[in-house]
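Enquirer: This structure is in structure tokens; I'll ask about it shortly.
The values are calculated or read from the model by the stated rules, or taken from the named source; none is laboratory data. Being a predicted model, the structure only gives us computed values, none of them experimental. Cβ sites come from the backbone with ideal geometry, for glycine too, and all protein chains shown count toward neighbours.
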Amino acid sequence: MNLSKNCTVTKALLLLVLWCSCTLALAAQVAGTVVQLSGPLLARKASGAVKILSLKSEVESGDTLVTEKNTYAMVRFIDNSEMTLKPATTMTVDNFAFDNAKPDGDSANFSLVKGGLRSVTGLLGKRNKEKFELKTPAATIGIRGTTFIAEYQPPEEERALAAMQAWLNASTAALGDSVMPIAPLQLAQVTLPPPPSSGTPRLPGLYVQVLDGLIHVTNPGGTSNFAAGQFGYTASPSKPPVIVPVNPGIRFTPPPAFNQSAAPAGAAGVPAKSNTIECEVR
């Protein structure tokens, strides 16, 4: 009887150890650290929890970073690459993995939901350029060792147009059959965004500016390469990326501190751990 109880206890302990091991294995990998910050920055974890990040806070794979309307935030990743998020930006670190001794395991996958960012290539992008991918609703950006700015403008105009169309339809229906039906509203068929001096709102889509190196932008509509000094625009997933002759309104003006070198990273390029206390909202 005692032997049976001992076996049961042993099995329970083994299961507990196995569960703990699995939990640790499933823990999100640290991808980088917040090294510069000018305002509130939130991280939506894969679990659904929301954390308020501060300087030296860790960013993990699976985190969705959200900047407030006046916030610029720079994240230095463990390969010494950097991303600076503009105000009102939402970006997800889909998967980031880097081990200096295991280049085959490199992975740098991001999703820009809205807003803008500046990306500076690190060690991963220099040895495995094909492993970097920045997805947006309009197109996917790949690199060839570079510094670039990407901004995605959601289709607010299309939603506004749909709302106006619904209002017109409802108003017409209320007046009865004596009124001619209103023809569907149409968005202007514009290939390129208007120049920034025109004073008109920017069209929805992806805007890019290459500061150094080369990027390629691809979607089902086609693929285009952009070199240093060039600007690009992609209207939608079905429209091919095109070169724009002048700045289409890309604005990236972080505080002066963001143009200087940030605090040094820890040993072997791994950012130091944070000693700050973070608030967590579930």
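Enquirer: Consider the range 44-60. How many of its residues are among the polar types (S, T, N, Q) and surrounded by fewer than 17 Cβ atoms within 10 Å (Cβ to Cβ)?
Expert: Summing the residues that are among the polar types (S, T, N, Q) and surrounded by fewer than 17 Cβ atoms within 10 Å (Cβ to Cβ) in the range 44-60 gives 2.
Enquirer: Kindly indicate which of Pro248, Pro193, Pro254 is at pLDDT below 95, under 23 Å from Ala88 (Cα atoms), more than 21 Å from the chain's Cα centre (by Cα) and part of a loop (DSSP other than H, G, I, E, B).
Expert: Pro193
Enquirer: Return the pairs, sorted by first residue and then second, in which the second residue is hydroxyl-bearing (Ser, Thr, Tyr) and part of a loop (DSSP other than H, G, I, E, B), the first residue lies in the range 28-40 and is in contact (Cβ under 8 Å) with a residue 40 or more places away in the chain, the beta carbons are less than 6 Å apart, and the residues are 6+ apart or on different chains.
Expert: From the range 28-40, the pairs are Gln29/Ser61; Ala31/Ser61; Val34/Ser57; Ser38/Thr71; Ser38/Tyr72; Gly39/Thr71.
Enquirer: On to the next question. Where residues in the range 61-92 are more than 21 Å from Gly145 (Cβ to Cβ) and more than 13 Å from the chain's Cα centre (by Cα), which of them is surrounded by the fewest Cβ atoms within 10 Å (Cβ to Cβ)?
Expert: Lys69
Enquirer: Name the one entry in Thr92, Thr84 that is assigned to a strand (DSSP E or B) and in contact (Cβ under 8 Å) with a residue 60 or more places away in the chain. It would help to see each step written out before you state the result.
Expert: Numbers: Thr92 fails: in contact (Cβ under 8 Å) with a residue 60 or more places away in the chain.
Thr84 is the lone residue from the list that is assigned to a strand (DSSP E or B) and in contact (Cβ under 8 Å) with a residue 60 or more places away in the chain.
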